[in-house]
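J.: Structure provided below as structure tokens; questions to follow.
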Amino acid sequence: MTACPSPPPPPAAAPSPPATVAALIDGLRREHEALQTLHDHGPRAAAALGAVNGKLLASGYFRRIPAQPATDGLRSQLRALALRSSLVAVAVDCDVADLPSPVTVTIAAGQDWRLDPDDLVGEVHVRIALRGRDSDIAAFVDAVPSHVDRLVQVRGGARTQDGAILDAVAWFERPWPYPEVRFAWPGVDERLAAAGIDPRAAAADPAFADLTQQVDLGLRRKDEVLRLLQVTADFGRWRARWQAFEAKSRQVRAVGGAGVVAALRSGSPR
């Protein structure tokens, strides 16, 4: 997966508050440099996101792990595959696992949002009751990855008198909110108060106009930089998508029809 360039950290806080207007201006200049670095990082982050999006589209991610459980389409395709495999789908039942609602995450400017792939996806538990020969059941299991739009992993099951009941799982993407970026740019009064400088004394300082200009410049750029930071912050979702897709695809490919049928034969029929 294309790696997103790590965003630069926000400027470190001074060990002690500045005591003069000139010192405040020096600190502001360093903040402006950091602001420019964050701004310059935006296009690189957008390019990295575009590359990951292209890979996900090419792999069929949004079809294989859709944004909703979409159980009707899943049942329909499994029934159709059973028919093509010379089997009778007696029942195809889907149960969506209950999960806690995702919460909005707040991060600092430049902080990397790490979303666990297992938190990104939810599970649809599928129970497929089939009537037919073992060889056709094995062929059905082998055909699932290529004939069903969704990623579906057969995890086991049990034999019945005239076929088998297969237990499987499919996945869908949970609707995680966009992370909120915390990015503050204090005004003149806030900076003077934090520095312990008397506003009247500051206003009489020849450098006060420069201080006001530097603060106003940052306030004018804040929204633009914040928008770029939001793009960067959401890379955690795209990284988790790719990681989830790779992991679930490996799980699906590891299942073979012959192995599933052999395991079914070793158990007692229902």
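J.: Could you list, ordered by first residue, the pairs with Cβ atoms under 9 Å in which the first is in the range 202-217 and part of a helix (DSSP H, G or I) and the second is surrounded by 14 or more Cβ atoms within 10 Å (Cβ to Cβ) and aromatic (Phe, Trp, Tyr), at least 6 apart or interchain?
T.: Ala202/Phe208; Val215/Trp185
J.: So is Ala193 on the phi < 0 side of the Ramachandran plot, out of contact with any helix residue (DSSP H, G or I) (no Cβ under 9 Å at 6 or more places or on another chain) and of a type in the set (A, V, I, L, M, F, W, C) or not?
T.: For Ala193, the condition - on the phi < 0 side of the Ramachandran plot, out of contact with any helix residue (DSSP H, G or I) (no Cβ under 9 Å at 6 or more places or on another chain) and of a type in the set (A, V, I, L, M, F, W, C) - is not met.
J.: Under 9 Å by Cβ, and 6 or more places apart or on different chains, what pairs join a residue from the range 128-156 that is farther than 16 Å from Ala80 by Cβ with one that is basic (Lys, Arg) and surrounded by fewer than 19 Cβ atoms within 10 Å (Cβ to Cβ)?
T.: Pairs that qualify, where the first residue is farther than 16 Å from Ala80 by Cβ and the partner is basic (Lys, Arg) and surrounded by fewer than 19 Cβ atoms within 10 Å (Cβ to Cβ), are Asp134/Arg265.
J.: Only one of Asp216, Asp189, Asp167 is assigned by TED's automatic domain parsing to the domain that holds Leu120 and of a type in the set (Asp, Glu); which?
T.: The conditions single out Asp167.
J.: Of (1) within 19 Å of the chain's Cα centre (by Cα); (2) assigned to a loop (DSSP other than H, G, I, E, B), Arg63 satisfies all except one. Which?
T.: Evaluating Arg63 over (1) within 19 Å of the chain's Cα centre (by Cα); (2) assigned to a loop (DSSP other than H, G, I, E, B) leaves (2) as the failure.
J.: For residues in the range 90-125 being more than 18 Å from the chain's Cα centre (by Cα), free of Cβ contacts under 8 Å to residues at least 40 places away in the same chain and outside any strand (DSSP E or B), which is nearest to Asp167 (Cα to Cα)?
T.: Ala97
J.: Which one is surrounded by the most Cβ atoms within 10 Å (Cβ to Cβ) among residues in the range 164-183 that are farther than 30 Å from Gly236 by Cβ and out of contact with any helix residue (DSSP H, G or I) (no Cβ under 7 Å at 6 or more places or on another chain)?
T.: Only one residue fits best here, namely Leu166.
J.: Looking at (1) at pLDDT below 90; (2) assigned by TED's automatic domain parsing to the domain that holds Gly122, find the lone condition where Gln68 falls short.
T.: It fails just one condition, (1).
J.: Right, something else. Do you know which residues across the range 61-112 are under 28 Å from Gln243 (Cβ atoms) and β-branched (Val, Ile, Thr)?
T.: Ile65, Thr71, Val96, Val103, Thr104, Val105, Thr106, Ile107
J.: Considering only residues that are touching a helix residue (DSSP H, G or I) at 6+ places or on another chain (Cβ under 6 Å) and touching a residue at least 60 places away in the same chain (Cβ under 8 Å), which ones fall in the range 69-89?
T.: Answer for the range 69-89, where residues must be touching a helix residue (DSSP H, G or I) at 6+ places or on another chain (Cβ under 6 Å) and touching a residue at least 60 places away in the same chain (Cβ under 8 Å): Leu81, Leu87.
J.: Just one of the numbered conditions (1) farther than 18 Å from Arg29 by Cβ; (2) over 35 Å from the mean Cα position of the chain (by Cα); (3) of a type in the set (Val, Ile, Thr) is not true of Ile165; which one?
T.: The number of the failed condition is (2).
The values are calculated or read from the model by the stated rules, or taken from the named source; none is laboratory data. The model shown is predicted, which means the values in this text are computed figures rather than measured ones. Note that we place each Cβ from the backbone using ideal geometry, even for glycine, and neighbour counts take in every protein chain shown.
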